[in-house]
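The structure appears below as structure tokens.
No value in this document is a laboratory result; all are computed from the given coordinates. Not measured: the values here are computed from a predicted model. Here the Cβ positions follow ideal geometry from the backbone for every residue, glycine too, while neighbour counts run over all protein chains shown.
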Amino acid sequence: MIGALLAAPTALVTDNWWDIRDLSNLSGAILDLIEDAGGPGWLTYVVGALLGTLGIVSFIGGVAIINIWIERRVVGRMQSRLGPNRVGPFGLLQPVADAIKLMQKEVLQPRVADGLVFTVAPIAFTVPGIALLAVIPWGRNMVLADLDVGIVFLFAMSSLAALAVFIGGYGSNNKYALFGSMRVIAMLVTYEIPIVLSLLGVVMFAGSMNLNQIVLFQADNWLFLIMLQPLAFLIYFLSSSAELNRTPADLAEAESEIAGGYHVEYSGMKFGLYYAAELINAVAVSTIIATVFLGGWWLYKIDEIVPGWMIVIGKIYAVYFVFIWTRGTLPRFRIDQLLAFAWKWMTPMAIINILLVAGEVVLWEETGWSAGLLLPLYIAINGAMTAVLIVAWVRVMAPKFQRYPDRPRMYDGIDVPSLPAPASIGPTAPGAAPARRATV
Amino acid sequence: MAIKSDLVEVNIGPQHPSTHGVFRMVAIIDGERIVDVKMVVGYLHRSMEKLAEERTYTQNIPFTDRMDYLAAMTGNLGYVLSVEKLAGVEVPERAQYLRTIFAELQRIASHEMATGAFINDCGAWQTPVMWCFRDREKVLDLFEMVCGARITTNYMRIGGVAFDIPDEFLPALDRLINDDLPRRFEELEQLIVGNEIILMRARDVGIVTPELAINASLSGPMIRSAGIAWDIRKADPYCVYDRVNFDIPVGYNGDSYDRMVIRIEEMKQSLRIIRQCMSDLPAGPHKVDVPLALRPPAGEAYSRVESPKGELGFYVVSDGSSAPYRWHVRPPSLINLTVLREMTVGQTIADAIVTLGSIDINVGEVDR
Amino acid sequence: MPHAVTVTLPGQAVAERIRSSLPPAVRDATDGYVVLEPAHAFEAMQFIRDDEQLDGKYLVQLCSVDMITRIDVVYHIASLAQNHIIEVKVPADHEQPEVPSVTPIWVGAKLQEREVYDLMGVVFTGHPELTRLFLWDKFPGHPLRKDFMALPGGQKPGLSQFPKQVPGQTGGEFRPRVPGTGE
Amino acid sequence: MIDDAGIVVAFWILSATTVICALMVAAARNLIHAVLFLALTFVGVAGIYIVLSADFVAVVQVLIYAGAVGVLMTFAIMLTPGADRLNSSTVFQAPALVLSALVLAVIVFVALDTEWAISDRQAFSATARSLGEAFLKPYIVPFEVASVLLAAAMIGAIVLSREEPEDERAA
């Protein structure tokens, strides 16, 4: 049996149950068992769905725990410190310890808080993150819900999260939480538009909104969509990092400003749920990027040997590392700069990208030239266009900070210009210049 | 027609992650814009000036550590210089060089803390803070090697320094100054200086005009960021500052970004000073012995030192007895806060936090 | 250029300069400082700041000293351009100390005057917002005054090993040490 | 596909939740709870669309209604100053009940009386592609007119709620 497994690197995935490269064989075998045992029709349907959800929920549960550890270690290494290494070997049990601590902590609820909303909010915030994964194809025929409107389903779920976060902040009836939730809503609503527009470009190329079709498109044309659509990838990455409240856009729980944002009043497992939800949403967005832009379970012929779902997990962690990386280094935008960035930079660029892609797709459909000739040409065009557009946009829209050099000037002695004293000195001296706004 | 929104009073502090200690800022805000700021200080007031009147001149030295606990060496130095001026004590050459070296090391440690905290207020999630703290730890190790304490050093004495440096101090200092810190500062600069997001967050935030800077008697990075080249080490040189050459950085726009960049540049100038002091460090006694219950002649003296926060002055009045009759400290942090209202009104809360971070106050010195 | 050193202008020169335009303002002058009449202190300060020769545009620091018979408010005013310092004292009565505020001249004095009011009890007329800076409003008395006794019964804390008290002073009323006598 | 039993069961569950949530919207004491139940009703309606195999409309329903309109409602409640957050009981409760009972009666009568042309169930067909073509081929004009109208409305909203920048106010 092992021989067959090893001898079949080139053979397509065999369909006997122990071939773990495609888990759908396993679930298929279980369903056949029920069938042979004479179970009613709807039972196999229900059990099939249950098996799928069981797989996804266990994946997301495990990943949420492991990611706490990975994130703290990686950010630790970036800050030239070790990160958790006390609890268990290499600190691996640290997330488990955190989870247990959070579970046994008492859940405080402020007296003035609104009970129903206060409890529903964290749950409503976690569920969309998990539901997002139902649509992701993990293998050639390993997908829980092969929706034909996969991409729109992803947008729907992320917009639900916005409402949940807002009522969480509102429910806890605390000034800082209100700030946090107002900021979150402004940000999420603003950043949904660039997200939708950027993925539109991808859908136009792939010709279908079904995620499995998108992966198959990339498999057939032997390229990743990130090469074809670098601008869409950039826009999607930046807007989703804003949507996930991760630096450089973690406005919602900006510790230094509004200490804790929307989950400031939460404690115990409710806060644990918010904390896990953030990680789950981050993983969900990384999976979307991995599937749509980096080719899901397909990887240049390797997916026959290595199981598809392992490739997807590898890509998830590649994208997730970049999220951690930006979180470790970049400071935070201010709320008005962030919103201006979305309206004045991301949305127009996404629209230009869609126009270009429309032209290319029409050219491809009408002329009917072979993909082999056109696609490399498109890759070159799109890459050049991305670079040109970004440089031009920076030149046109960038705030004029450069009027002062970045480094101070050096004096070797004291030099005090003789200045008239400000005319009249009230409590607020008129000498103070009005705050010149840094318009973005 | 603007949306009518009523004013909300928000307490920033005293228990707040970014107010550098127990400092409370009551902001009246309209939406996110600040309409008025009221400062509440005094949470850390230990009335040191009253206590000092009960102790001899030597017993007062530990007070200066605990005032600006991030720059204890410069605190000691300031007080000791004023008493020496009052009592006319001559300090040996070696002590003067050692004092300069430790004052500059303390400036590096304090500026590391200030820059790290400032970037943390801008929102960078702890990474620059950790880098700055790692370098600051190295400097504190040197302090520990010399006087046993890292923060409250209590190292200067009237007439010199408490202990001479051990033999392994100079090689450790040489390794730190010449091949470790320059690389670290380079790393820090690449991460921060010219970083677009920090430019967007810190440029044109918390602006001080030159006229206001002079009139509000600001000092240190605050007055230099407004474009006025004023540094006590140049204007009124003490110790060996007249024998070493170094530059003072001056900003253009008087905003938070200028202050941050000035602090980084000052750290690099401190390296230059320490190198020159190390090369011509003379031998000889490290202290002139002064009676423990020194009785300076009746009179008064005001002397000042360029501490990392600004001009730290000591006004000591003596009535001939062994305890100072009056012991007043010019607190640069408190006086730099005079313009907090002018800098933050009209800006958002996020800017106010960044401005407060850029002023770099130390609540121990504000409240004394 | 040669290393500048901050010069402390002798009191007599400053007094001459002030008397040239405000004769009654100066009470007396020693080589270290100038003593101003409280009544004309504000105009004198205004003159110090606006005069080209004195050019006192930078208020270095402001504090008060309790001289038992009176309370001196000490100002150090500097000119950054010409790099010199002037020390000016304004005496005020010990029971009801009343000194014109210089905040309209230098904004820097705003917080320092509040601190002096808080700890020494000197009332600065004309100060925009004269409230206590460190202590809470209903704090009894002003701690930095010499007669503010830290311990009941007149016992002074500290300095037990350096006998400073005059025999018989332990307990009972407080006999101030008059400065200058060194006893 | 499963046989009819699953569909019928799903339909009854979904419509039951939708109706209950709709009632709760009216009966909830707190306005924010009302908005939450409103969002739940929209999700219930989306479920019913799925049962009718209109998958694109269902997902868009969740996206537009549950996501955007829910947030819009909460914002509206938050930003109206002085609006007390409780469903105050007004004097019109009785007449409102009577009116709604009447409307319910009419709907039930119409539903029972007319013969619906009940077609047999086809397989679960994907509707997204056909919807797209319908938008751009036969109904291109109304689609463009609608988008122009929406753009105009958006620009109007921005102009209305824009705070005059300082210099204009000063001029």
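Summary of computed values
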{"read-out": "Paramagnetic reach from B:MET145 (point 7 Å along Cα→Cβ, amide N under 20 Å) across region B:242-269", "value": "B:268"}
{"read-out": "For peptides D:65-74, C:77-86, sequence by mean Cβ density within 10 Å, most packed first", "value": "C:77-86, D:65-74"}
{"read-out": "Region A:295-362-region B:300-334 distance, computed between alpha-carbon centres (Å)", "value": "59 Å"}
{"read-out": "Derived scalar couplings ³J(HN,Hα) [region A:408-414; Karplus, 6.51 cos²θ - 1.76 cosθ + 1.60; whole Hz; x for Gly, Pro]", "value": "x, 8, 10, 10, 9, x, 8"}
{"read-out": "Inter-chain Cβ neighbour average for residues B:317-330, partner chain, 10 Å", "value": "5"}
{"read-out": "Shielding by partners - mean other protein chain Cβ count within 10 Å, residues of A:148-158", "value": "6"}
{"read-out": "Packing-based exposure ordering (other Cβ within 10 Å, fewest first) of D:PHE37, A:PHE293", "value": "D:PHE37, A:PHE293"}
{"read-out": "Cα Rg, Dmax (largest Cα-Cα span) when computed across region A:292-342, Å", "value": "16.4, 49"}
{"read-out": "Alpha-carbon centroids, region C:96-134 and region B:133-206: separation in whole Å", "value": "38 Å"}
{"read-out": "Point-to-point label distance, A:SER58-A:VAL391, nm (Cα→Cβ direction, 7 Å offset)", "value": "5.3 nm"}
{"read-out": "Partners for C:LYS110 among aspartates and glutamates (Cα-Cα distance below 14 Å; same-chain residues under 8 apart left out)", "value": "B:GLU342, C:ASP118, C:GLU129"}
{"read-out": "Taking A:LEU50, A:LEU216 and counting other C-beta atoms within 10 Å, the order from fewest to most", "value": "A:LEU50, A:LEU216"}
{"read-out": "P(r), alpha carbons of the protein assembly as shown - 20 Å bins starting at zero, rounded %", "value": "10, 33, 30, 18, 8, 1"}
{"read-out": "Relative compactness, chain B, computed as alpha-carbon Rg over 2.2 N^0.38 Å", "value": "1.00"}
{"read-out": "Mean Cβ neighbour count within 10 Å, used as a protection proxy, ranking B:207-215, A:407-415, A:347-355 highest first", "value": "B:207-215, A:347-355, A:407-415"}
{"read-out": "Top of B:THR56, B:THR100, B:THR344 by mean-square fluctuation, Gaussian network on chain B, Cα under 10 Å", "value": "B:THR56"}
{"read-out": "Acute angle (nearest 10 degrees) that the helix B:349-359 long axis makes with the longest principal axis of chain B, alpha-carbon atoms", "value": "20 degrees"}
{"read-out": "Share antiparallel - DSSP beta bridges, region C:1-141, percent rounded to 5", "value": "75 percent"}
{"read-out": "Ellipsoid equivalent to region B:38-100 - semi-axes via the Cα gyration tensor, in Å", "value": "26, 15, 9"}
{"read-out": "Partner chain coverage, peptide C:129-142 - average Cβ within 10 angstrom", "value": "2"}
{"read-out": "Per-residue Cβ neighbour rank within 10 angstrom, fewest leading, C:GLU113, B:GLU90, D:GLU163", "value": "B:GLU90, D:GLU163, C:GLU113"}
{"read-out": "Degrees between helix A:268-292 axis and first principal axis of chain A (Cα, 0 to 90, nearest 10)", "value": "70 degrees"}
{"read-out": "Cα convex hull of chain A, projected area averaged across orientations, nm²", "value": "31.9 nm²"}
{"read-out": "Equivalent ellipsoid semi-axes - Cα gyration tensor, region D:29-108, angstrom", "value": "27, 22, 8"}
